[in-house]
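These notes concern the structure reproduced below.
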Amino acid sequence: MDKQVIAVDIGGTNLRFGIVEKTGQIIHKIVRPTEADAGKDAVIKNIINGIDKILALSKTKKPSIIGISLAAPGFIDIDKGIITFSPNLPGWRNVNLGRIIKDSLGIPVTIENDANAAAFGERWLGAGKNSSNLISITMGTGIGGGIILDNKIWHGEKGMAGEIGHVTVNPDGPLCNCGNYGCLEAYSSGTGIVNRIIDAMKKGKKTALLSMIKNGINEITPEKVFLAAKKGDLISLGLVEDAGKYLGIAISDFVNLLNIKTIILYGGLVSSFGLFAKKMKEEIINRTISSFSKEVRVLKAGLKHDAGIIGAAGIVFYKEGMLRF
C-alpha cells in the first residue's frame, strides 16, 4: 500500500487540504474558509472537519496515512507542536494544535510554520528544485518567510527563524499586527496594503477606489487596491510601489547576510508581481553587495497555491527517510 500524508495549509483566509503521495503528487484536494475571525475553536473545528471530509471524499483508509502535516502561520515551537503566537489568527497563543489534532483523529501530527513548508515544497518540486540554499517569501494576508540552507529548513534556536515579515524596514513606519512599527508586513502584505489605503482615505486622500466600494471601507481588499493601481489610481499605485520598495530593501538585507541568490515569492499577491517588481528590483540592485547583486534571482513560486501542501507533506516524507535530495 502506497504511503500518503494529509497536509493542511492554514492560511488567514483559506484552509487548503491535500492527500499527497511520496512523489509529491496531490491526489485529492479541497479548500475551505478559515473563518479566523470566528475564533480559535472554530478554526480548529474547521481543520478537523476538513480532514474528515477529504478522507471521506477520497475513500482513503487511515492505515495508508503515515501522518498529518500542518503548515500554520506564526511562531511555532516545533518540538512541542505548539503555536505560541499567530498575528493573523486572532486569539491564538500557546495553542497545542499538534496534540489537539492527534487526539481527535488518532494520526501522528507534524506541525511546521507555513512559510517554511512552502519553502521546502519549492526546494523539492518547485522553482527552487536546483537550489540547495534559498529564501521563500510568502505574500498573502501576512508576510512569512522560509529559509533553506544546505537543503534543510533553518529553524533557529526555538523554531522561529524566518519571520521575514517582522523585519523592520522603516523604524518610523506604520503599526504592524505584531505590535512593532515599520515591519515589512505592515507595507507589503495584503493586510498592510489595505490598512495603508484606509489610513490615506481617512486623511482625505482622493482615490478611484471609492468607486469600487458601495458599503464602506470593509469592502476594500488587496485585489481591489491592485486593480485601482493597474487603472492608474495614483494613491493605490503609490502604496503598491511602496510594497515593492520595502520588499526589495528586505531582500537585499537577506542576500547580504546569508549570501543566498535564489529568492522565491509565493502567495496570493504574487499574481500582481508586475505592479511592484520594478521598485523591488531597484532596491535589490542599489542595496545588495555589488559583486553579488547580478546573481540574485527573484522567482515566482513554481507550485503556486500548492507549495504549502506539498512542502508540509514533504517534511513528513523527509523525516521518515522516504525523501532525499
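The values are calculated or read from the model by the stated rules, or taken from the named source; none is laboratory data. Predicted model, so just to flag it, every value in this text is computed and none were measured. All Cβ positions, even for glycine, are placed from backbone atoms using ideal geometry, and neighbour counts span all protein chains on display. Heads up: the accessible areas ignore ligands, DNA and RNA and are worked out on the full protein's heavy atoms, side chains in. Shrake-Rupley method; radii C 1.70, N 1.55, O 1.52, S 1.80 Å.
Below are the figures for this structure:
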{"quantity": "Virtual spin-label span in nm between Lys278 and Asp41, 7 Å along Cα→Cβ", "calculated": "5.2 nm"}
{"quantity": "Heavy-atom accessible area per residue - segment 1-61, 1.4 Å, Å²", "calculated": "50 Å²"}
{"quantity": "Partner lysines for Lys202 [C-alpha distance under 19 Å; skip if fewer than 8 residues away on the same chain]", "calculated": "Lys214, Lys224"}
{"quantity": "Tensor-based shape of segment 150-286 (alpha-carbon gyration tensor, a/c under 1.5 rounded, otherwise prolate or oblate)", "calculated": "prolate"}
{"quantity": "Dipole moment magnitude, nearest 20 debye, the chain about Cα centre, only Lys, Arg, Asp, Glu C-beta charged", "calculated": "640 debye"}
{"quantity": "Accessible surface of the chain [probe 1.4 Å, protein heavy atoms]: carbon and sulfur percent", "calculated": "49 percent"}
{"quantity": "Stretch gain in nm, segment Tyr181-Asp52, where the contour uses 0.36 nm per residue and the Cα spacing is subtracted", "calculated": "42.4 nm"}
{"quantity": "Tail fraction, Cα-Cα pairs, the chain, threshold 25 Å, whole percent", "calculated": "49 percent"}
{"quantity": "Förster radius 51 Å - calculated FRET efficiency between Lys206 and Ile107, Cβ distance, rounded to 0.05", "calculated": "0.40"}
{"quantity": "Heavy-atom accessible area order for His305, His166, largest first, 1.4 Å probe", "calculated": "His305, His166"}
{"quantity": "Straight-distance crosslink candidates among lysines, where the alpha carbon sits under 22 Å from Lys59 and sequence neighbours closer than 8 are dropped", "calculated": "Lys3, Lys22, Lys29, Lys45, Lys102"}
{"quantity": "Accessible area, probe 1.4 Å, largest first, for residues Arg32, Arg123, Arg287", "calculated": "Arg287, Arg32, Arg123"}
{"quantity": "Interchain or long-range residues, amide H under 5 Å from Ser69's placed H", "calculated": "Ile6, Ala7, Val8, Thr110"}
{"quantity": "Estimated FRET transfer efficiency when R0 is 41 angstrom, pair Lys224-Thr168 (beta carbons, to 0.05)", "calculated": "0.90"}
{"quantity": "Distance between modelled label sites at Asp77 and Leu149, nm, 7 Å Cα→Cβ extension", "calculated": "2.4 nm"}
{"quantity": "Whole-angstrom gap from segment 1-74 to segment 262-319, using each part's C-alpha centre", "calculated": "25 Å"}
{"quantity": "Gyration tensor (alpha-carbon) shape descriptor, segment 220-325, a/c threshold 1.5", "calculated": "oblate"}
{"quantity": "Estimated distance in nm for a label pair at Lys59 and Lys294, the labels positioned 7 Å out from Cα along Cα-to-Cβ", "calculated": "5.9 nm"}
{"quantity": "Chain lengthening between Ile198 and Ile30 when straightened (0.36 nm per residue, less Cα-Cα)", "calculated": "57.2 nm"}
{"quantity": "Stretch gain in nm, segment Ile213-Asn259, where the contour uses 0.36 nm per residue and the Cα spacing is subtracted", "calculated": "12.1 nm"}
{"quantity": "Gyration tensor (alpha-carbon) shape descriptor, segment 63-187, a/c threshold 1.5", "calculated": "oblate"}
{"quantity": "Positive dipole terminus of the chain, leading residue within Val95, Gly18, Val316 (C-beta point charges)", "calculated": "Gly18"}
